[in-house]
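Engineer: This is the structure I want to talk about, given as structure tokens.
Bear in mind these aren't lab numbers, they're just calculated from the coordinates by the rules spelled out. Since the model is a prediction, treat every value here as computed from it, not as a measurement. Don't worry about glycine lacking a Cβ; one is built from the backbone with ideal geometry, like all the others, and counts go over all protein chains shown.
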Protein chains: 2
Amino acid sequence: MQALKDRIIKEGKNLGGGILKVDSFINHQVDPALMDACGREFARRFNKIGATRILTAEISGIAPAIMTARHMNLPVVYARKTKPITMPDQVYLTVAPSHTKGRLVELIISPEYLAHGERVLIIDDFLASGATILGLVRLSQAAGATVVGIGTLIEKSFEGGREALDHLKLPVESLVCITSMDNGEIVFSK
Amino acid sequence: MQALKDRIIKEGKNLGGGILKVDSFINHQVDPALMDACGREFARRFNKIGATRILTAEISGIAPAIMTARHMNLPVVYARKTKPITMPDQVYLTVAPSHTKGRLVELIISPEYLAHGERVLIIDDFLASGATILGLVRLSQAAGATVVGIGTLIEKSFEGGREALDHLKLPVESLVCITSMDNGEIVFSK
């Protein structure tokens, strides 16, 4: 998606170690018009998969997921990383290693909002190692729901996430794909 | 705002201790159409204050803030509660007591995205004690920005937030106001 790629070229920063800083339009400051356009594009790409619910992980998945949900007219659920007091005692919980946090994080969903038979579209900001997305897949499976598609704003293909998701045999769509961040560069494949 | 009030009547749960559970449409599962309507309503109410930026706090402020930002065509910044590795060493940081977490939480903004002279509209999900919003006001003041308005989805007037914000002499808009949650009830004033 050219608008997202252009914005990464203009404002994205390669901080080294595979870390792409996009804090000026996705991860701290958010450009709502760009997120809306990304949501529209996900809706277009996933309009035939019969999704009944969108699933993401707090925090940075919320903006693209809610915009996608708006265009697809679906509810969105974001997995919590700490259990709020409003959540029942019995929850779906898994752990996933966080690349940017350098530790394991919990992903928690209330059974109230992810039911048996749901068809889940997972939306997140990054596809890096795929660990967070695989965590969301495990939560969906625990609930008896079926994941029917995976969409991410930015894929870092050199971190192997697509291969990690390969066994799921699902449509995996990234709006922009970065193949290398070596030597301070940001190299795109699309 | 009637649509939000109707939804609270239908799905909101009084958990006692002043805790209103709205996890089915705001705080865990999100209804994007309802959030979009709330964003449109905030945009209507604040269309004359000359805001240049919307400020909220992660996590549950993000959905209403991004929808408001979309309707006002403004960037939105969400204060982080933990400092990500992409953030510079020098930040604006304050602490605020969290009612639902029962402890102090940090609110952190990068100086990159909140500059001197900005006119800030603060949007959040709840106006309870006002502590989080006062934290966002302090961060804005530290940055040399001016807060020009405050909007929240749900005010719990019995927790005193409006009085705590009174000295700011700012427009404070809540879309729904709850005056009492005693005896398991949810009593609305509007």
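Engineer: Can you give the charge dipole size of region B:14-116 about its Cα centre, rounded to the nearest 20 debye, using +1 on the beta carbon of Lys and Arg and -1 on the beta carbon of Asp and Glu? Please list the in-between numbers first.
Structural biologist: Working: 12 positive and 8 negative charges, 45 e Å.
Around 220 debye, computed over region B:14-116.
Engineer: One decimal, nm, shortest first: give the distances between the label point of A:Lys48 and those of the same position in the other copies, each label point 7 Å from Cα along Cα→Cβ.
Structural biologist: Spacings between copies for this position, smallest first, are 5.1 nm.
Engineer: Where is the GNM fluctuation largest for chain B (alpha-carbon springs, 10 angstrom cutoff): B:Thr94, B:Thr82, B:Thr146?
Structural biologist: B:Thr82
Engineer: Percent antiparallel among DSSP beta bridges with both residues in the protein assembly as shown, to the nearest 5? List each step's numbers first, then the result.
Structural biologist: On the way: 28 of 70 bridges.
The antiparallel proportion sits near 40 percent.
Engineer: Any idea what the alpha-carbon Rg over 2.2 N^0.38 Å comes to for the protein assembly as shown? If you can, show how the numbers build up before the last one.
Structural biologist: Numbers: Rg = 19.9 Å, N = 380, 2.2 N^0.38 = 21.0 Å.
Scaled against compact globular proteins, the figure is 0.95.
Engineer: About the Cα centre, and with charges only on the beta carbon of Lys, Arg (+1) and Asp, Glu (-1), how big is the dipole of chain A? Nearest 20 debye, please.
Structural biologist: Details: 22 positive and 20 negative charges, 47 e Å.
Magnitude of the dipole: close to 220 debye.
Engineer: Kyte-Doolittle mean at least 0.0 and Cα extent at least 27 Å along the axis: which DSSP H helices of chain A qualify? Intermediate results must be reported in sequence, preceding the final value.
Structural biologist: Numbers: long enough: none.
The answer is none, since no helix passes both cut-offs.
Engineer: Now for a separate question. Between A:Val95 and the same site in the other copies, what are the distances in nm, shortest first, taking label points 7 Å from Cα along the C-beta direction?
Structural biologist: Those label-point separations list as 2.7 nm.
Engineer: Given region B:24-68, report the % of alpha carbon pairs whose separation exceeds 18 Å. Mind dumping the intermediate values first?
Structural biologist: Numbers: 263 of 990 pairs.
In whole percent, the long-distance tail amounts to 27.
Engineer: Here's a follow-up. Could you please report the charge total around A:Leu104, scoring K, R as +1 and D, E as -1 over all other residues with beta-carbon less than 14 angstrom from its beta-carbon? Working shown, then result.
Structural biologist: Working: positive: A:Lys81, A:Lys101, A:Arg103, A:Arg138; negative: A:Glu106.
Once positives and negatives cancel, what remains is +3.
Engineer: Here's another thing I want to ask about it. Going 7 Å from Cα along the Cα-Cβ axis for the label, what nanometre distances separate B:Val187 from the same residue across the other copies?
Structural biologist: 6.8
Engineer: Then there is this: Among the lysines, which fall within straight-line cross-link reach of B:Lys81, defined as a Cα-Cα distance under 19 Å, with same-chain neighbours fewer than 8 residues apart omitted?
Structural biologist: Output for B:Lys81: A:Lys21, A:Lys81, A:Lys83, A:Lys101, B:Lys101.
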